[in-house]
Structure formats: structure tokens, C-alpha cells
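For reference, the structure is listed below as C-alpha cells.
The values are calculated or read from the model by the stated rules, or taken from the named source; none is laboratory data. This structure is a prediction, so every number in the text was calculated from the model and none was measured. Glycine gets a Cβ as well: all are built from the backbone with ideal geometry, and neighbour counts include every protein chain shown. SASA here: full protein model, heavy atoms, side chains in, ligands and nucleic acids out. Shrake-Rupley method; radii C 1.70, N 1.55, O 1.52, S 1.80 Å.
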Amino acid sequence: MRKITLLTSALAFSVMTSMSAMAAQTSITLGMQLEPPNLDPTSAAAAAIDEVVYANIFEGLTRYQADGSIVPALAKSWEISDDGLTYTFTLHSGVTFHDGTTMDAEDVKFSLDRARAEDSTNAQKRLFTGIASVDVVNPTTVSITLSNPDGGFITNLAWGDAVIVAPESIDAAANAPVGTGPFKFSRWVQGDRIEIEKNPDYWGEPIALEKATFKFISDPTAAFAAVMAGDIDAFPGYPAPENLPQFEADPRFSVIVGSTEGETILSMNNKSEKLTDVRVRKAIAHAINRQAIIDGAMFGFGTPIGTHFAPHHPDYLDLTGQSAYDPAAAKALLKEAGYSEGLTLSLKLPPPSYARRGGEIIASQLREVGIETEIENLEWAQWLEQVFRGKDFDLSIVSHTEPMDIGIYANPEYYFQYDSAAFQKTIDDLMLATDAGERTALLQSAQRVIADDYVNGYLFQLARTGVANSKIRGLWENSPTQANDLTGVSWSD
Amino acid sequence: MVRYIVTRFCVLSVSLLVASGIIFTMLEVVPGDPASFMLGINAEADTLAAMRRELGLDQPMLQRYLSWLGGMLTGDFGISYTYRVPVSELVMARIWISLPLAIFALILSTLIAVPAGLIAASRRGRVSDWTVMGTTQLGIAIPNFWFAMILVSIFAIKLRWFSAGGFPGWDQGFWICMQALLLPAIALALPQASILARVMRSSLLETLSQDYIRTARAKGLSQRRTVWAHAFRNALIPVLTIIGLQFSFLIAGAIIIENVFFLPGLGRLIFQGITQRDLIVVESVVMLLVFAVICVNFLVDIAYALVDPRLRRP
Amino acid sequence: MAKHDKSGLGKSASGFKSPTSLWIGGALTSIFVVAALVSFLWTPYSVEALNIGAKLQAPSGTHLFGTDHFGRDIFSMIMVGARVSIAVAIVAVGIGILVGVPLGLLAASRQNSFIDDLVMRSNDLVFAFPSLLIAILITAIFGTSALNAIIAIGIFNIPVFARVTRGSALPIWTLDFILAARVAGKSGLRISLEHILPNILNILIVQGTIQFSLGILAEAGLSYVGLGAQPPTPSWGRMLADSQTMISFAPHLAIFPGVAIIATVLGLNLMGDGLRDLLDPKLRRVR
């Protein structure tokens, strides 16, 4: 320590701060790009909420694991009736909320009833609309009756929007979340960070960390500087893939590249005058050079897709060949459709860099086949209003991050306005299908239909790129749901 | 005098009312629904309606305006849509970053500018004057966000002398916080110091040329004492005026710098409020800033009128 | 209006001899004006065609300022960016002059009247709004485009010109020849246009130059936060924003647009100082 006194005061500060960080090996500081607006996952959609609270503070009956599989959480086990309508869950006993109150079947009933109530503000209310009733059998047993059999119900309960909350504490959850998880909320310095600490009374397997801090840095440059300076131990959703090679070259860090459920598409308004013609949509699909977009916008991270389905899913079909980069074919198709003079389309881009950068690249690729685009950069609120609800657009770029969401193509009201009876029937059949082989066949047929109809330009599966101190173990590599599950995280040595 | 103050007070009230109308209308016509921003793309129509009800957005526009206005008069600025805490609480938390940052930047810029202006004025036309004036021209021309980027990449990334940004909170200790504010304050102070140094110089030269200084000089006071004793004090008046102007600019105008250094200040609060359609936060905070500026102007006018009766016209 | 230098001091506000700063400033400014004009006819490379394979090249003989993350030629982008910056700033200042000067003249011609008060109080009101935040709001309402950036910057130029116009017109109204014109029955409007305006033109030109340089800075700031001209049209501010994450391994991306902004603003400011000294030695530069 004597040496430090010789240094300038500024240097001394930075040395001291990094020393204190080194001393505490049971705490971790995680970087996140967006700050959650509040911490109640049951009444807002922001992914950032789940990225703080999921599995850490709040738990549901079931939960996602890092590999995407669903395992029991607060429910120890469950039985499904033969008609597939009644689920009887046995809960763990001796579970308490962070405020000391007991978690029992009444809380489960409260949480699920609240989520499906008429005045519910749950962002994923459709997850619960299939529930006909929730009944308390005894304090550790709850039975849920569905109106129709639903093969995805157990998965639905694993969502962050389906966590179990207590009637005593839910009203304050926005700023003081009280759950059953291994971490307790400790404080929120708004605009800067959220701190959580170990819950000593946790019912499940004890965790290694004593304390975790989520620090919010929206600016990618600042994020880079913060990781480089050691202010942040891990940045799981690192926003600037162009910096990853620098982290890779530095032995202090390890770069984590995993998959997400985000199909990134060039969405086309199928009801917009010029895009009703499938030849125009096909021309656009052939005009797109996916690799150039992945290289230019994502600096090489991402897997090309040819339909709206995640490549890591076992039922995925590689249909990229069907819309291979072929500008000559694109020009020919446009000519056939009567646009030999070219045409102009609007391209409305939301804020993420995959959209902004990808948009510039696609605009230049489309220009080469004679399609001019008018780019307009929008904020999310504007995008929701104009594109998603108003359907006032020709083209847009967005990553659809919900898992297994091919069903959105069956909704003719969905913003790209694809209306195909054949596809809708496939999805209806899928809802009723229980046989694994049959489900695979139907899922693959659904993938083919939307590829054949060139509904959207299918670009790439968004990669999850992160960076972490190389001594950290147990962070999720893939992102089957939006979460920073810290239950298995520890420091080596 | 009483009549003057009363009239000016009426003007002030009307100004504030007009300002509140402008702000409310602007936010009313901003496209984008707060409820749909909060609930995302999977929200059902009835969920959105329920959320709008909860936020009070289903009320008629005039009623919301009046209740907002009434609330502010009683010190109630509403509850943030997204954070779900009172706006006044958010403002109090943020102002303890914006205010110290503005003060810090002003102190820095004054410490640089006053000596620089003094040197330039006392050595007018010589190399040091040239250097100071050239540097200040450059300082005015540099965009502060660019300067901030350069500062971060040199001092935070390359040399790692400072953390790249963020704010630890005052409970972590005064010096740690000052350290976090140093780079942003430098980035903010550079253009301000340049402007101030130029004002200082020209204002000094102006006073030096005035008759009573010439008299003092003729009386045999040395050049050095003349500058210090008389000119300096008089030259400070325009300098102080500029400092006052810069201060109100710095409180809200640091938004880009706050972004570069991810400081959770007032500017960023409003910026986030706009992107998240947290309309009540934007309305109330912008109104608060406008209120502060208008009130300061009012007090300044009254003060001038007290000093100089000729200015007392309604 | 008597034009003598009462002080004999402070002849040059910039510290340089006025012709020197006028020349340097003029030269710097013309470089960018010429670059902007030439860019309409020719740029070394297309700024719209991307070449991902040639991305992030350092400055070299083929690409004088290097290439950006899409392989575009930065030199060409700076040329076209000059066009955007200058156009936005000129039109925004134009709005300020077209609206602000008549308001100022009107206020001065009816000193102490209700109109005068209204104009001046409205000015104060506009000044009381945090300008950047209002600009962000304006673009949130009308969408992001160069036009809306112009409007946002232009609005805040109006009170500047109104105030300067009124302030410099008021002393002229007290002069004898104006009294004579009034006695001759000329209307306030005619006096303003025929006698006042020509006498304050110098001041307006100088103020215009200053506002022009502030406009360039404001445009850079707005497009830096993503609110200016939309892609594929390059703009200096957005080039800087795009460069941010790459500054540690490709510093040229941030340096050249930054230097372009600095040089243009510097040029305009020097020119403004030079013009001021040339046109009216009595004026002091206070910004």
C-alpha cells in the first residue's frame, strides 16, 4: 500500500476501487443495456425486468433452464389428467417470500387469477386465457383446469410473466419486488444500478454469490469502456459485436456467443399495395445478401435463416436456398411484376443496431435491383404506433424474440398482415396434435408455407453476444428466455 | 415600484400558463401510447385499455391538463408511468447529479477563463494574447460530445485513470463522486471556458478604455494596480451575467454529455421519458425547468428595477 | 450613427488582426462550401454503395480518410455531409431571420406598446425552454428528418434575431432623420424598411454568421443523437455516433468528421469576427 501514496490521487482512486472489487469474490457486477422501467414482471413487457428478476427474485411453478428445457421450480411435481384438461401441482413446502410470509397454494391461485382477470395488465395475458379455473386443494396442492388441452401449458408457466407473487406485496413490486427466489432486492439507484443480495432463507439449493449488482449502460462505447476498465464483471447482452474481437484478444475476458430465440426478419406489409404481389416479395428476398448483413451489421455473429424458425430447434428446416442471393432473378421477378422501372418502398427501422445497420445494408442491396427505399428511423414508441399497430409501412426490420412464435403468421391482423387459410389450418392442427411425429411434420410444413409465400425476408437468428471476466462460471450461454439467471454463477479460485 | 412588481408578476403568471399549455399540447400530440410501450407487442386490446385506465389516460384531455396543473400548484407532480414513483422523487434524485455537475463545470471554466482572459487582456496583441484567443476559438468550435468521446477513449479506456462513467451515489463518498464527475465536467467546461475567457478579455479591454480608468492612470497609479483594482471589478459584471446564463444551460443542456458518461441526471431523465413515453415525467420536469428560468429572469428584472428606476416600466 | 472607435482598444475581437481572421475564416469556410457544392457533381466514391469487404480501412492513397464500417469512403461522406450541415444551418438561420427580424422591427417601431411587450415576453418564453430537449420532442412528434432538425434549430433562432434587431433598432429610432421621416408622415413600416433595416444590416450579418456556426454545431448534436438527416444521406453527427463503438480500433472514423465540424465552425467564427471588425469596429464580441 505504501506505493499507492506516491501515485497521483486520481490513480489512487482507481487502484482502490479495483482492489475492493478484487477482494470480494462473492459479488458480481453485471452490465445491462437497458434499465428496467420497474421491477414488476407481471404488468409490463420490458425484457429488462425479467433480465433482473427472473429466477433471481421471482420464481414460477416451472422455470426455464439454460438449455431451454423446462424444469419444476416452486412446483415439486404435477399430474395431468387423461383428458389433458386438469393439472394438479404439488408445491414445495416451507417456501417463504422475502418478507417472511409463506408461499402456498393461495398465492398460486392469486397470481394466476390476477394475470387472467378482466382488468389484468399482464403483458402476456394470452398465456393464461386458456385457464378455466384455479382451485386450492390444500396448502401445497393446487389444481388448474383448462378449457382446451394445451401441450404448451407447462412452458407457459415458466414465463417471467407467470411468476408467483403475494397479495401482500404485489402492489409495491414495481419498486420493491418481493418474491421467493434465492436473491432479495436490496436497492435501486434509479438511472444507475440495482443491487440484490443473497436470501439466507432460500428454500432451494443455496447459491454461491452473496451480492449482485446490475449496472445500466445504454451507450455501447461506455459499455466497452466499463468492461475494459473492470467496472463491470460481465455484460451478457453486450450491445456492440464489433468490440468482441478486442475482448477475445484480452486474456482477462472470455467472450460468450450463444443463440437466442430472435428470428430477425425484414418484415413486409403483405397488404401494402406493391407488396401484395408475391413476385415482388420474392424479388426482395432474392435481392438480400444475408451474409453481407450478418457481416456488416453484426460483425459476423448470427446464423442465416430461410424461414421463421430457430435453427437450434430440432424441427428446423434449412430453407435458405429457396431465397438465395440472386440479384438477376430479383430483377427478372420485378420486371415480371410490372416494375421494370423500379419502385420505392418505405423502410421503418426501430432503434436496435441490427435494425439500423441492417437497414442501411438492405437499402443498398435493394437499390442494386432497382428498389429505392425511404429509410425512417423510429423510436420504439413510434414503431409500435406506426408499424405494429398502425400497419403504416412497407418494410421494417425486427427481431422476434419470443420462443416458438411461428403462430403469429396465423393471425391475419398481425402487423405484416399475412392471411393464408392453408397456414392457419396447419397451426390449428398443431394446437390439437399431441403425437411428436405429427407435430414435427406440421411444424415443418408451417415453415415451408411461409417460405413459399415469401411472407417476410428471413435474415438471421440473432446471436447472444456477451463478455465476462474469464474467472466467472455459470452464466447462461444461450438465451431461451430473457433472463440473467445468477443462481449457478460463481467465481473460480 | 409596487405596480411594476405586480405587473411583472402577472406577466410571469401568464408566461407560465402559456408554457404549461405548450408543453402539455406537445406531449399530447407526440405519437405513441405509453400503455402500449409498456406492455409490448403481445398485449391484448383489453390489457391495454386496463393499463390506460390505471394510468388515468382514459380521462378527457382538458381534465388531465387541469389536474396536472392543479397538482403542480400543490407540489404534486404526478407519478411516473414507467418507474411508478412520484416524479418529485425522481427529480430530487437526479438533481443531485445535474446540479453538482453544473457547479463543478462552472468552477472549472471560471478557474480557466478568468486568468486566461486577464492574461490576454493585459498582454494584448502579444504572443500570449494570440495563444489564448486562438485556443478559445478552437474551444468554441469543438462539439462537446466529440471532446467527451475523446476524453473517454484516452483516460478511461487507454490509461484507465478514471472509470468510464456512471455515478456511484453520494453515499459512496464525496471524492469518488467527484472523480466520476471530473471528465464530464471537463467536457462541459471547455466550450464554456472559451466563451468566458473571451468575454473576460473584451470586457476588461472595454473598462480599461473608460474615462475613469484613464483618470486613475493619469493620477499615477501603476498599470498593474489599475488593471487589478478598477478594471477587474467592473469587468466581472458581464462575466457574471454570462456565468448565470451558462448555469441554466448546464442544468438541462448536459443531456448529451450525460449520455456519453451514462450519468443519471435531469437531462437523461427527460430524454428517457420521451423515448419511453413517460409523458408525465417529461411534462413535469420540463415545466419545472421553464419555471426556474422564468423565475430567475423575473428576479433579475426586479433587481435591475430596484437599482435603476428608469427600467421601471411595465 | 457615429462610427468612431471610442476606445482605440479592442480593435480586433479575435486577437488576430481583422483581415487575418477574415481571410483564415473565409478560407476554411470556403473549403467546406466548395466541397459541398462539388459533392453534387462528383465524389471520389458513391456514398450510398456499401462494400462490406472493404470495411474499416485506415487512411491510404485509395481512401484518403479511410473507410467506415460499411466500407464507404469517409472522404466522400464528409463532402456530402458538408452539404447537409450547411444546408440545415443556412435554412435554420434563414427561418430565424425571416421571422425574427420583422418581429424585432415591429417591436422597435412600437416601443413600450402591447405588441412590443408581447414579442419580448414570447422571446423570453422561448429562451426559457431547454432547446435540445424541445428539438428532441419536435422530432418525436413529426418524425426524424433533416427538415425537422431545421425547424427545431430554426425556432430557437427566431428570438435571437428578434432581440438583436430590436436592440439595435431602438437607438436608431431616436435619431433626427427618423424624426424627420415621421414628421413627413411615413408609416412605421416604411421607416423600418427604408431607414432602420439598412442601418442594422451589418449587425444582422455578423449575428447571422455566429448563428450559422451555432447551427452547424446544433445539427451535429442532433444528428449525433440520431435526429438529423436519415440514412443513407451521410451527416457528420451521425458519422460520429456510428464511430463511437469503434473508436478504440479505428480512430479515423471519429477524427475526420470531428475535425470537419471543428474546422467549419472555427472558420465561420473567425469570419464573423473579421466581418464584425470590418463592418463595425465599435461592436464587441460577446457570446
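Overview of values
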quantity: Over 22 Å between alpha carbons, listed pairs A:331/C:55; A:274/A:335; A:348/A:391; A:274/A:391; calculated: A:331/C:55
quantity: Carbon + sulfur, % of accessible area of the protein assembly as shown - ligands and nucleic acids excluded, 1.4 Å; calculated: 62 percent
quantity: Rel. contact order, % - alpha carbon contacts under 8 angstrom, at least six apart, chain A; calculated: 20 percent
quantity: Test item: C:259-271 mean partner chain Cβ contacts at 10 Å; calculated: 3
quantity: Span-rule helices in chain C, defined as complete DSSP H runs reaching 18 Å or more along the axis (Cα) with Kyte mean at least 1.0; calculated: C:18-41, C:74-109, C:146-173, C:197-224, C:252-279
quantity: Helix B:266-275 axis, angle to chain B major axis (alpha carbon atoms, nearest 10°); calculated: 40 degrees
quantity: Over the protein assembly as shown: helical MRE at 222 nm, DSSP H runs n ≥ 4 each giving -39500 (n - 2.57), nearest 500; calculated: -16500 deg cm²/dmol
quantity: Separation in nanometres of the label points that stand 7 Å from Cα toward Cβ, at residue C:110 and residue A:208; calculated: 7.8 nm
quantity: 10 Å-binned pair-distance histogram of chain A (Cα, whole percent); calculated: 4, 18, 26, 25, 18, 7, 2, 0, 0
quantity: Net charge of neighbours whose Cβ lies under 12 Å from the Cβ of residue C:178, counting Lys and Arg as +1 and Asp and Glu as -1; calculated: +1
quantity: Estimated FRET transfer efficiency when R0 is 22 angstrom, pair residue A:411-residue B:49 (beta carbons, to 0.05); calculated: 0.70
quantity: Using distinct alpha-carbon pairs, which all enter the 1/r mean, Kirkwood radius of segment A:59-172 in Å; calculated: 14.2 Å
quantity: Spin-label pair residue C:42/residue A:106, simplified geometry with 7 Å Cα→Cβ offset, distance in nm; calculated: 8.5 nm
quantity: Ratio of the Cα radius of gyration of segment B:2-73 to 2.2 N^0.38 Å, where N counts its residues; calculated: 1.57
quantity: Test item: B:259-266 mean partner chain Cβ contacts at 10 Å; calculated: 5
quantity: Radius, Kirkwood style, for chain C when every pair of distinct Cα atoms is counted (Å); calculated: 20.8 Å
quantity: Cβ-derived FRET efficiency at R0 56 Å, residue B:111 paired with residue C:190, nearest 0.05; calculated: 0.60
quantity: Which listed pairs, of A:184/B:158; A:215/A:471; A:76/A:125; A:125/A:282; A:109/A:211; A:211/B:158, have C-alpha distances above 27 Å, in listed order; calculated: A:184/B:158; A:125/A:282; A:109/A:211; A:211/B:158
quantity: Solvent-accessible surface (1.4 angstrom probe) belonging to residue A:471, in square angstrom, nearest 10; calculated: 90 Å²
quantity: Cα→Cβ-extended label distance, 7 Å offset, between residue A:276 and residue B:5, nm; calculated: 7.2 nm
quantity: 11 Å cut-off, amide nitrogen to a point 7 angstrom out along residue A:83 Cα→Cβ, residues in segment A:140-180; calculated: A:146-149
quantity: Whole-number D in µm² s⁻¹ for segment A:300-408, Kirkwood Cα-pair radius fed into Stokes-Einstein, 20 °C, 1.002 mPa s; calculated: 136 µm²/s
quantity: Of the DSSP H helices in chain A, those whose Cα atoms cover at least 15 Å axially and whose Kyte score averages 1.0 or more; calculated: A:9-23
quantity: Anisotropy class of chain B from Cα gyration tensor, a/c 1.5 cut; calculated: oblate
quantity: Net charge dipole size for segment B:2-73 [Lys, Arg +1 and Asp, Glu -1 on Cβ; Debye, nearest 20]; calculated: 580 debye
quantity: Longest to shortest principal axis, alpha-carbon extents of segment A:262-463, angstrom; calculated: 49, 34, 32
quantity: 10 Å Cβ neighbours from other chains, averaged over peptide A:119-128; calculated: 6
quantity: Translational diffusion of segment C:18-117, µm² s⁻¹ [Kirkwood Rh, Cα pairs; Stokes-Einstein; 25 °C; 0.890 mPa s]; calculated: 146 µm²/s
quantity: Near-label residues of segment C:218-247 by backbone N, under 18 Å of a point 7 Å along Cα→Cβ of residue C:90; calculated: C:218-220, C:229, C:234-236
quantity: Sites residue A:119 and residue A:441 - FRET efficiency at Förster radius 45 Å, r taken between beta-carbons, to 0.05; calculated: 0.65
quantity: Per-q log10 I(q)/I(0), the protein assembly as shown, q = 0.08, 0.09 Å⁻¹ (Debye; single scatterer per alpha-carbon; no solvent); calculated: -0.91, -1.13
quantity: Taking segment A:59-172 and dividing mean pair separation by its residue count, relative contact order in percent (alpha carbons under 8 Å, at least six apart); calculated: 33 percent
quantity: Relative contact order (percent, whole number), chain B, Cα cutoff 8 Å, 6+ residue spacing; calculated: 28 percent
